[in-house]
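A.B. asks: I am attaching a structure below and will ask some questions about it afterwards.
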Amino acid sequence: MTFFTKQERLFLLFLSVTFAIGLAVKFIRKNVHASPNEEWFEQRQRILADYNEKSMHISREDSAVVPSESAGYKRITKESLTRTININVASLDELQILPRIGPATAQKIIAFREKNGPFSTIEDIQKVSSIGPKTFEKIKDHITVD
């Protein structure tokens with residue numbers, strides 16, 4: 001003896017499956033994609049505070065940050081540029097103090113110097129690839145070949 005017709009059984013099956021899917025979605029939303037709670041906000045604030053404490057906010061006009069061979073990074077300011085840098089003996093770190101000179105270009109300067117000998121004039125630095133007239137204009141007051 002059956003209480004339901006075939007069509008009614010299919011409809012009840014559809015309702016049961018829909019209900020099960022709804023419960024699964026509710027469970028997933030609650031446990032997997034949990035919305036941020038107080039603990040999350042506190043952790044986020046700690047991370048941001050730590051980042052702000054460790055980061056160096058600098059103006060490109062006032063200073064630069066270059067990797068130091070010894071450890072970490074060091075801050076180079078305008079005051080350190082009051083002296084000229086001898087490009088014939090400058091280290092990788094010292095060359096990176098110059099405007100528009102990064103680690104790759106500093107390494108190219110050193111390689112060029114080792115291959116071709118010391119620069120005889122400051123204009124000779126333009127023979128290094130990636131140092132053109134614009135870069136030379138920015139650095140010419142800060143370099144020497146003494």
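The values are calculated or read from the model by the stated rules, or taken from the named source; none is laboratory data. Everything numeric in this text was worked out from a predicted model, so none of it was measured. Glycine also receives a Cβ, built like all others from the backbone with ideal geometry; neighbour counts cover every protein chain displayed. Protein only, heavy atoms only, side chains kept; ligands, DNA and RNA dropped before computing areas. Shrake-Rupley method; radii C 1.70, N 1.55, O 1.52, S 1.80 Å.
A.B. asks: Arrange the residues Leu13, Leu48 by how much accessible surface each exposes, largest first, with a 1.4 angstrom probe.
C.D. replies: Largest accessible area first, the residues go Leu13, Leu48.
A.B. asks: Here is a further query. Could you work out how much longer the chain between Lys26 and Ala111 gets when fully extended? Use 0.36 nm per residue separation minus the Cα distance between them, nm to one decimal.
C.D. replies: So the chain would gain 24.3 nm between Lys26 and Ala111.
A.B. asks: What does the highest-first list of 104-114, 87-97, 126-136, 2-12 look like by mean Cβ count within 10 Å?
C.D. replies: Descending mean neighbour count gives 87-97, 104-114, 126-136, 2-12.
A.B. asks: Then there's this: I want to check the label-to-label distance for Trp40 and Phe136. Put each point 7 Å from Cα in the C-beta direction and report it in nm to one decimal.
C.D. replies: That separation, rounded to one decimal, is 5.7 nm.
A.B. asks: Multiply the residue gap between Phe19 and Glu123 by 0.36 nm, knock off their C-alpha separation, and tell me the result in nm, one decimal place.
C.D. replies: That pair, Phe19 and Glu123, stretches by 29.5 nm at full extension.
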